[in-house]
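Below is one structure, written out as C-alpha cells, with a few remarks after it.
The numbers here are math on the coordinates, done by the rules we state, and not lab data. Quantities reported herein were computed from a predicted structural model and do not represent experimental measurements. Cβ atoms come from the backbone with ideal geometry, glycine included; neighbour counts cover every protein chain shown.
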Amino acid sequence: MTTTTPVIAPAPPEERKLGRAERRAVAAKTKLSSPAASAIALLIAVLWTVPTLGLFVTSFRPELDIRRSGWWTALSDPQFTVDNYNEVLYGGGTNFATLFVNSLVITLPAVVIPITLALLAAYAFAWIDFPGRNILFVAVFALQVVPIQVTLIPLLSIYVDTGLAGSFWTIWLSHSIFALPLAVFLLHNFMKEIPASLVEAARMDGAGHVKIFFQVLLPLLTPAIAAFGVFQFLWVWNDLLVALTFAGGAPDVVPLTVRVAELAGTRGSDWYLLAAGAFVSIVLPLAVFLGLQRYFVRGLLAGSVKG
Amino acid sequence: MQWFLDASTTGHKFALMGFAILLFAAVMGALLFAVDRPRRVPNWVVAAGFLGPTLLLLLVGLVYPALATVRGSFYGRDGSEFVGLDNYATVFTEDNFQTVLLNTALWVVLVPLVTTGLGLVYAYLVDRTRFESLAKALVFLPMAISMVGASVIWKFVYEYRPDQPGVRQIGLLNQLLVLVGIEPQQFLLNAPSNTFYLIVVMIWIQAGFAMTVLSAAIKAIPDDVIEAARLDGVSGLQMFRYVTVPSIRPALVVVLTTVAIVTLKVFDVVRTMTGGQFGTSVVANEFYVQAFRQFNFGLGAALAVLLFVLVIPIVVYNVRQLRLAEEIR
C-alpha cells in the first residue's frame, strides 16, 4: 500500500491559512454532524463494549446474585467480591493459577524461538547472495497458505514416535514451526527497508555476515521485532487448537484457553467460575496489547496491506 | 531424561523453559560461530547456517505433514487400508456433513462481508473526529481477547433462563426481549438461527482488524483528491460512495480475503459455544472431532485437505488483486 506522501499541490492562497489537520477536522465535523452518522458510530461502540463489560461486572458479583439477577442490577445495587477469583485461581477443581504458569511457560519460548530463527532466515534472504535464493523465498512465502489443520495428525504421530508427546516440547516446536512462514516474510520486508549502503559500508570495513547481522541490522529492527513479538505472543497465548491437540490430555501442560473452553462445555451455567476464569485468561494479553498497541498496529499493517 | 519431559511443579516448569531457551541459543550460537569462523567461506555455507534451522523445521513440520495428510485422506480410519475417494464421498454426500458444508459456506460469506462493511463504516465515521482514538480502541479491544474468551463473553449475552414467574433473565439479549414483551429464546439451541448467533461472535472479534487496516487506507487518500471532490460539490454519502470506497479498493480486497481465510480455519468459537452440536458444526470443527475425538484419521485428513483446497482460490485472488493494484500504480 502507499504510505501518505505529502502532496505539494499549489493550493489557492486562502486555503493555505488552514493546515492539513484543520481542513480534515472541518471535513470530519460535517461528517459526524449528521445525527444518523453519530447514532451508528455510537451504536457500534456500545455493541463492542457492553458484552465484555457485562462479563467483567459479573466476575466480581457474589455467586448467588449472579444466578438470581442480571449483571446490570449491580449498577444500581453494587455488591462486589473477589471470591470468584479466589475460587477459580486456587480452588481444587479449577486451579487456574497453575494453568496461568503453563500458559506463560508455553508462550515465552514459542515467541523467542521463531523470532530468532526468522530473523536469521530473513537476513539470509535479504543480504546473502546464494544460488536458489528467490525460489526458496517464494517457497517459504507460499507455505503461509498451509492451514495448520493439515499438519496436525502427522505431527502428533511424529511426537508420539519420538516420545515427546504430552510435554511442553511439542507445543514449543509446533508454534515455532507454524509461525515461521509469516515471520520470515514480515521480517524480510522490514529488513529490505534498511538502506543497502549501511550494509555495504559495514562489509567494506571487513565485517562478516554474523557481525553485520548483530551489530548493524538487529538494533535497527527493534520496532519490527516488537511488532511481530506482540503478534506472536497474542497468537500463542490465545491459541486453542494446537494446545488442545498436543496437550489436551496432559494436565501439567494445558494452558488457560483449553480449560476455559472445557469449563464452558462442562460447567456452562457456573457463571461465577466462567466469568472469573475468562478474565484470568484475558488479563495478560490485554495488558500487553494496550501497552504495545503501536507496534501491534504497525505489524498488522505491514503484514496485511504491504502483502 | 524424564526431567526434560515431565515438569509438574512451577519451579520445574520455569527451569525447563529456561533450559529450552538456553539450549536453543547454544545451538544457534555454535552454528553461527562455525559458519563465521573460517576466512573466505563460500556464501552458500553462510546462507545454510542462517537458513538451515528454519528450512529443516519447515520441511519436517509443515511440508512432510501436509503431504502425509493428503496421502492419509485416501486411506481408512487407521491409515492402513486404501479406500480411494471414499472419505471425500462421505464429506460431500452424508446428510450431517451437508449441514457442515452449508454452515461453513454461511460463515465464509457472511463474516468477511459484514466485518468489512462494519469496519469500513466505523473507520469512516470516526476518522479525524475528537474521539477517534478512544472510539477505535473500543472496537479494537476484542482482538486481544482469545476467541475462547470472546465465546464465553457472548455465551453470557445469549444466556437463557426458563420463562417462569420469579425467574429473571441473566443474559442481556433475553432481558431486552422480555422488556419489549417477547418470550426469551434459546439462542444457541435452535437451528438454523443458532449459526447466525455464532457468526455474530466472529464478526465481533474480527471487526477491529478490518477497521484498523481500512482506517489506515482512508488516511492515506491524498488531500487533493478529497479537496477536488469537495470543490465539485461532492459531500456526505456521495463522498463515501464515489471517492472513499474506490480509493481504498486494494485494502478492501485484502481485508475481505484475510478475514475469509481466518474464518475458514477457525474452530474455537463453535467448539466453545456449542461444541458443534445443534447443527452448528463447521469444517474446521468437524476436522477436530473426526481426527481427535472419533479417531477417524482418514476422514479427518480429508476434511483438512478440504480446508486447504478452499483456502487456495482466496489466496490466488488476493495475490492477483495486489498485482493489479501495483500495475495501476
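Annotations for the structure displayed:
- At most 14 other Cβ within 10 Å, DSSP loop - trypsin sites (Lys or Arg not before Pro), segment B:11-92: B:39, B:40
- Mean-position separation - Cα centroids, segment B:90-112 and segment B:120-153, in angstrom: 29
- Neighbouring partner chain Cβ atoms per residue of B:134-144, average, 10 Å criterion: 6
- Distance between the 7 Å Cα→Cβ label points at residue A:134 and residue B:247: 3.6 nm.
- The distance from the alpha carbon centre of segment A:202-230 to that of segment A:237-307 is 32 Å, rounded to a whole number.
- A simple count of charges around residue A:164, restricted to other residues whose Cβ falls under 15 Å of its Cβ and scoring Lys, Arg +1 and Asp, Glu -1, yields -3.
- Rounded to the nearest 0.05, the FRET efficiency derived from the C-beta distance between residue A:193 and residue B:323 at R0 = 25 Å is 0.75.
- Neighbour net charge for residue A:227 - beta-carbon separation under 10 angstrom, K R +1, D E -1: +2
- Relative contact order (%) - criterion: Cα under 8 Å, at least six apart; region: segment A:96-304: 33
- Taking every lysine pair in chain A that is 8 or more places apart or spans two chains, those with Cα atoms closer than 26 Å amount to 4.
- For the residues of B:64-73, the average number of beta carbons from a partner chain within 10 Å of their own beta carbon is 5.
- Mean Kyte hydropathy of 1.0 or more with a Cα span along the axis of at least 30 Å, helices from DSSP in chain B: B:10-36, B:95-126, B:193-219, B:297-328
- Pairwise label distance in nanometres, residue B:43 with residue A:40, each label 7 Å out on the Cα-Cβ vector: 5.4
- Global form of chain A, assessed from the alpha-carbon gyration tensor, a/c cut-off 1.5: oblate
- Annotation: aspartates and glutamates with alpha-carbon distance below 12 angstrom to residue B:219 (same-chain offsets under eight excluded): B:127.
- Cut-off 13 Å, label 7 Å out along Cα→Cβ of residue B:278, residues of segment B:169-207 by amide N: B:174, B:185-199
- For residue B:75, residues with placed amide H under 5 Å, excluding near neighbours: B:83
- Likely footprinting exposure, B:153, A:153, A:135, fewest C-beta neighbours within 10 Å first: A:135, A:153, B:153
- For residue B:317, neighbours were defined as the other residues whose beta-carbon sits under 14 Å from its Cβ, and their charges (Lys and Arg +1, Asp and Glu -1) total +3.
- Mean separation of Cα pairs under 8 Å and 6 or more residues apart, divided by the residue count, gives chain B a relative contact order of 24 percent.
- Ranked by how many other Cβ atoms sit within 10 Å of their own Cβ, fewest first, the residues B:136, B:265, A:192 fall in the order A:192, B:265, B:136.
- Whether chain B is rounded, prolate or oblate, judged on the alpha carbon gyration tensor where a/c under 1.5 counts as rounded: oblate
- Taking chymotrypsin sites (Phe, Trp or Tyr not before Pro) in DSSP loop states with no more than 14 other Cβ atoms inside 10 Å as exposed sites, chain B has its longest site-free stretch at B:132-294.
- With contacts taken as Cα pairs under 8 Å at a separation of at least 6 residues, segment A:76-171 carries a relative contact order of 17 percent.
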